[in-house]
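Right, one structure below, let's go through it.
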Amino acid sequence: MAVTSKNLFRVVTEPCPVTSNKVTVVGTGQVGMATIFSLLAQGVSNDICMIDMVEDKLQGELMDLQHGSLFLNNPKITASKEFKTTAGSKLCIVTAGVRQKEGESRLKLVQRNADVFKNIIPNLVQYSPNTILMIVSNPCDILTYVAWKLSGLPENRVLGSGTNLDSSRFRFLISKKLGTSTSSVHGWIIGEHGDSSVPVWSGVNVAGVRLKDISPKLGTDDDPECWKVIHRDVVQSAYEIIKLKGFTNWAIGLSAAALANTILTNQHNVHAVSVLVKGMHNLDQEVFLSLPAVLGSNGVEKVVLQKLASNERCALKFTAAMLEEIQGGIKI
Ligand SMILES: NC(=O)C1=CN([C@@H]2O[C@H](COP(=O)(O)OP(=O)(O)OC[C@H]3O[C@@H](n4cnc5c(N)ncnc54)[C@H](O)[C@@H]3O)[C@@H](O)[C@H]2O)C=CC1
Ligand SMILES: CC(=O)C(=O)O
């Protein structure tokens, strides 16, 4: 081989050993693999490091992806149980841990997944001290807080995928009702990625026309068109899909890849992600909840201060207090 190669090429210089968009994904289960597939298929990164505890699964996934190299951007893909292979990651996406069983709430997973994070997070930061951490494992908001504490990273470098997915579900369901594309409907779900998420009905619009201006009862109990059901369906989405197929993966994989794309290409797009909310919307708890945020190479650059209705502010306050209480009971 060495002879063939020597006679085939005249070496001009050595190849550059590092890429500028290395992404580590910890946890190569359903969510991790959907995320990796989205990252590769969309060309968001061509340097992916996969970490899991299960060696055979890692090697099987690695080979399967590598055999698709022809159809991708000749990516470098590595797979290992050892965190040293993650060194130099610009972004680390954590999807490791247990998932909900049918009917189980995300919050029930908290201590089990916090325990998993005690090993993962310090190792990621040791090998990539300037990385950005994106937490996907559930309960996403509380685990983002846990990751922030365990990592010692500044708040801009730790975020949760949060309600980027819930907002996508919201926009999809509204768009079906209106007969438009999902991207033509603008609307935000903020707060918890979970049962107490907050739909910002006051801001839902198409081409700048606020639906509330047309139908003032939109999203309320008195609304004759029952738009409120859409938020109920968003909250029920994960439960429904888990009942039908055992897990959710494709939409969260696409959502995580979209966030990664904004960060790695310094796009300054606004996404609903889980950020440290203390000091915003009159919240004084040290908790992470989703708010629309400008993302770029430095992670969370700015948080958009939406003009919320009083019921929306109250709902956020309720969630912040609930998460603070749960956080107080976690051993980290
Ligand atoms: N934030 C969101 O929108 C969503 C979050 N999730 C959450 O993502 C997480 C993963 O879900 P799935 O992929 O369906 O589960 P899964 O069971 O398919 O995969 C979990 C993977 O984590 C690995 N793992 C566990 N402990 C580890 C450790 N210490 N180090 C390295 N790897 C470890 C397991 O070996 C497994 O491969 C769950 O917490 C789930 O609730 C799922 C869907 C959406
Ligand atoms: C499981 C989960 O968190 C979701 O699909 O929203």
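The values are calculated or read from the model by the stated rules, or taken from the named source; none is laboratory data. A quick note: this is a predicted structure, and the numbers were derived from the prediction, not measured. Here the Cβ is made from the backbone with ideal geometry for all residues, glycine too, and neighbour counts use every protein chain on show. Side chains are part of the model used for accessible areas, which takes the heavy atoms of the whole protein and leaves out ligands, DNA and RNA. Shrake-Rupley method; radii C 1.70, N 1.55, O 1.52, S 1.80 Å.
Quick one: which of V44, V18 is hydrophobic (A, V, I, L, M, F, W, C), within 21 Å of N261 (Cα to Cα) and open to solvent by 80 Å² or more (accessible area, probe 1.4 Å)? Only one candidate passes the filter, namely V18. Residues of the stretch 40-83 that are touching a Leu at 6+ places or on another chain (Cβ under 6 Å) and among the polar types (S, T, N, Q): S45 alone. Which of the residues that make up the stretch 180-234 are more than 16 Å from ligand 1 (Cβ to nearest atom), of a type in the set (G, A, S) and in contact (Cβ under 8 Å) with a residue 60 or more places away in the chain? Correct list: S202, G203.
For the stretch 246-259, the criterion of being in a helix (DSSP H, G or I), farther than 22 Å from L159 by Cβ, in contact with a helix residue (DSSP H, G or I) (Cβ under 8 Å, 6 or more places away or on another chain) and in contact (Cβ under 8 Å) with a residue 40 or more places away in the chain is met by no residue.
Residues considered: T131, T163. Of these, the only one that is within 12 Å of ligand 1 (Cβ to nearest atom) and either open to solvent by less than 10 Å² (accessible area, probe 1.4 Å) or among the acidic types (D, E) (or both) is T163. Condition test on E325, is it open to solvent by 50 Å² or more (accessible area, probe 1.4 Å), acidic (D, E) and within 17 Å of the chain's Cα centre (by Cα)? For E325, the condition - open to solvent by 50 Å² or more (accessible area, probe 1.4 Å), acidic (D, E) and within 17 Å of the chain's Cα centre (by Cα) - is not met. Take the conditions in contact with a Ser or Thr (Cβ under 6 Å, 6 or more places away or on another chain) and surrounded by fewer than 17 Cβ atoms within 10 Å (Cβ to Cβ) and apply them to A309. Does it pass? In short, yes.
When we screen L109, L124, L150, L143 for residues that are more than 16 Å from ligand 2 (Cβ to nearest atom) and open to solvent by less than 30 Å² (accessible area, probe 1.4 Å), the only hit is L124. Filtered by the rule that a residue be of a type in the set (D, E) and assigned to a strand (DSSP E or B), the stretch 30-57 gives a lone residue, D47. In the stretch 77-101, of all residues being open to solvent by 40 Å² or more (accessible area, probe 1.4 Å) and of a type in the set (A, V, I, L, M), the one that is nearest to ligand 1 (Cβ to nearest atom) corresponds to V98.
Yes/no per residue for (1) open to solvent by 10 Å² or more (accessible area, probe 1.4 Å); (2) away from ligand 1 (no atom under 12 Å from the Cβ); (3) out of contact with any strand residue (DSSP E or B) (no Cβ under 9 Å at 6 or more places or on another chain):
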{"residue": "I242", "(1), (2), (3)": "yes, no, yes"}
{"residue": "H268", "(1), (2), (3)": "yes, yes, no"}
{"residue": "L276", "(1), (2), (3)": "yes, yes, no"}
{"residue": "M280", "(1), (2), (3)": "yes, yes, no"}
{"residue": "L295", "(1), (2), (3)": "no, yes, no"}
{"residue": "K302", "(1), (2), (3)": "yes, yes, no"}
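Just one of the numbered conditions (1) within 16 Å of ligand 1 (Cβ to nearest atom); (2) surrounded by 21 or more Cβ atoms within 10 Å (Cβ to Cβ); (3) assigned to a loop (DSSP other than H, G, I, E, B) is not true of R171; which one? Here R171 meets the rest and fails (3).
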